[in-house]
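Take a look at the structure below.
Every number here is computed from the coordinates shown, using simple stated rules; none is lab data. Predicted model, so just to flag it, every value in this text is computed and none were measured. No Cβ is skipped: glycine too gets one built from the backbone with ideal geometry, and neighbour counts run over all protein chains shown.
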Amino acid sequence: MSKHRIIIDTDPGQDDAVAILLALASPEEIEVLGITAVAGNVPLALTQLNARKVCELAGRPDVPVFAGCDRPLGRDLVTAEHVHGKTGLDGPVLPDPQMRLQEQHAVDFIIDTLRAAPAGSVTLCPLGPLTNIAMAFEKAPDVVTRVREIVLMGGAYFEVGNITPTAEFNIYVDPQAARIVFRSGVQITVMPLDVTHKALVTRARNDAFRAIGNRVGRAVAEMTDFFERFDKEKYGSLGAPLHDPCVTAYLIRPELFSGRHINVEIETGSELTMGMTVADWWRVTGRPANALFIGDIDADGFFALLTERLARL
Ligand code: RIB
Ligand code: CA
């Protein structure tokens, strides 16, 4: 199997950070062509800064980081400092990055990369609101068919919403963008809350991160110590859900995950259910399948992979 050549589109976010670290620790399976930051968990000025902090934590200041859209398409930005802290990466103290931000806009980097690479050779891995991806598809429709696949974290069905009663945060922040992406015709694999809420950092799993003994293991343990508060308080969870690392782990070991090819549409009309992923899990609509909607994970296998790979950095 050829390695995945990917662009990570992200709004770090502690869980985004772990997803990026896992990707950078797995060069046999993943080549990170670039990281594009988007406004989401915190404003763009912080997500692009945090993305660079994480690259330097991984010892990879060579990875190009680009700033993208600072607000959703046609809606005000909603952020999640209540979950991720005011920096978006609360927990560890990470030094300000020495590596510079790329001059090029993230949307143009996505377009140029897809045009320059062989068709079907680049995978897009959105970990935040889909604004940059949708803008690229709208600005350059020719690149849509050049995408190998999209593997994204977002949405929910049986788990319902985490920011409203019906919507998951990434989709809720920019439902118009999500609608463009889900209707693009690109092959999409979705990591919804249905699966990410089964990837919980229990105390034992966080102790295993800390026991790695390197600065990455310590930083991830400190991120999780901070990040788990929200979910423990709201859901009574056993630990923080590692939402975004499900995306990069899927690229490395897809057999850890299972799901169904179904139709997924995005609510963009009703404020009451805005951003809901209307997942036709029981295939009652007759609408054509447009996504592999993941519902289950081998959580022990996931954490064994993650811990083993973080120890490499
Ligand atoms: O709802 C969880 C998602 O929203 C994760 O990607 C988290 O980082 C936030 O972006
Ligand atoms: Ca994210």
> Rounded, prolate or oblate: which fits the chain, taking a ≥ b ≥ c as square roots of the Cα gyration tensor eigenvalues, rounded meaning a/c under 1.5, else prolate when a/b beats b/c?
Replying inline: rounded
> Residues in the stretch 193-221 near a label at Asp296, defined as backbone nitrogen under 17 Å from the 7 Å Cα→Cβ point?
Replying inline: 193-200
> Using a Cα distance threshold of under 21 Å, what count of lysine pairs results for the chain when pairs must be 8 or more residues apart or interchain?
Replying inline: 5
>> No solvent, one uniform scatterer per C-alpha: report log10 I(q)/I(0) for the stretch 263-313 via the Debye equation at q = 0.20, 0.22, 0.29 1/Å, two decimals.
In response: -0.76, -0.81, -1.07
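Of all DSSP beta bridges located in the chain, what percent are antiparallel, nearest 5? Walk me through the numbers before you get to the answer.
On the way: 11 of 36 bridges.
DSSP beta bridges in the chain are roughly 30 percent antiparallel.
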> What ranking do 143-149, 114-120, 177-183 get when scored by the average of other Cβ atoms within 10 Å per residue, highest first?
Replying inline: 177-183, 143-149, 114-120
>> With the crude spin-label approximation of a point 7 Å out along Cα→Cβ, what separation in nm comes out for Leu272 versus Ala119?
In response: 4.5
>> If I model a spin label as a point 7 Å beyond the Cα along the Cα-Cβ vector, how far apart are those points for Arg287 and Arg312 in nm?
In response: 3.9
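Note down the relative contact order for the stretch 15-87 as a percent, whole number, built from C-alpha pairs under 8 angstrom at least six residues apart.
Numbers: 89 pairs, mean separation 25.8, N = 73.
Value for the stretch 15-87: 35 percent.
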> Once a ≥ b ≥ c are taken as the square roots of the eigenvalues of the Cα gyration tensor of the stretch 1-144, is the result rounded (a/c under 1.5), prolate (a/b larger than b/c) or oblate (a/b not larger than b/c)?
Replying inline: oblate
> Among Leu193, Ala219, Thr166, whose Cα lies farthest out toward the positive end of the dipole of the stretch 165-221, if unit charges sit on the beta carbon of Lys, Arg (+1) and Asp, Glu (-1)?
Replying inline: Ala219
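Which of His4, His197 comes first, and how do the rest follow, when ranked by fewest Cβ neighbours within 10 Å?
Exposure proxy ranking, most exposed first: His197, His4.
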> For the pair Arg218 and Glu255, what calculated FRET efficiency results from E = 1/(1 + (r/R0)^6), where r is the Cβ-Cβ distance and R0 = 22 Å, to the nearest 0.05?
Replying inline: 0.15
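Pairs of alpha-carbon atoms within less than 8 angstrom and 6+ residues apart define the contacts here; what relative contact order does the stretch 149-246 have, in percent? Show your work: numbers first, answer last.
On the way: 125 pairs, mean separation 28.4, N = 98.
Across the stretch 149-246, relative contact order equals 29 percent.
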> Looking only at the stretch 226-262, which residues have a backbone nitrogen under 20 Å from a spot 7 Å from the Cα of Glu28 in the C-beta direction?
Replying inline: 246-257
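Applying a 10 Å radius around every beta-carbon, put 224-234, 163-173 in order of their mean neighbour count, most first.
Details: 224-234: 17.5, 163-173: 23.5.
Final packing ranking: 163-173, 224-234.
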> What percent does the relative contact order of the chain come to when contacts are Cα pairs within less than 8 Å and at least six residues apart?
Replying inline: 20
>> Taking just the alpha-carbon atoms of the stretch 187-260, what radius of gyration and Dmax come out, in angstrom?
In response: 13.2, 39
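As a test of the formula, what do you get for the chain when each DSSP H run with n ≥ 4 contributes -39,500 (n - 2.57) and the sum is divided by the residue count, at 222 nm and rounded to the nearest 500 deg cm²/dmol?
Details: 12 runs with 116 residues, N = 313.
Estimated from H runs of four or more residues: -10500 deg cm²/dmol.
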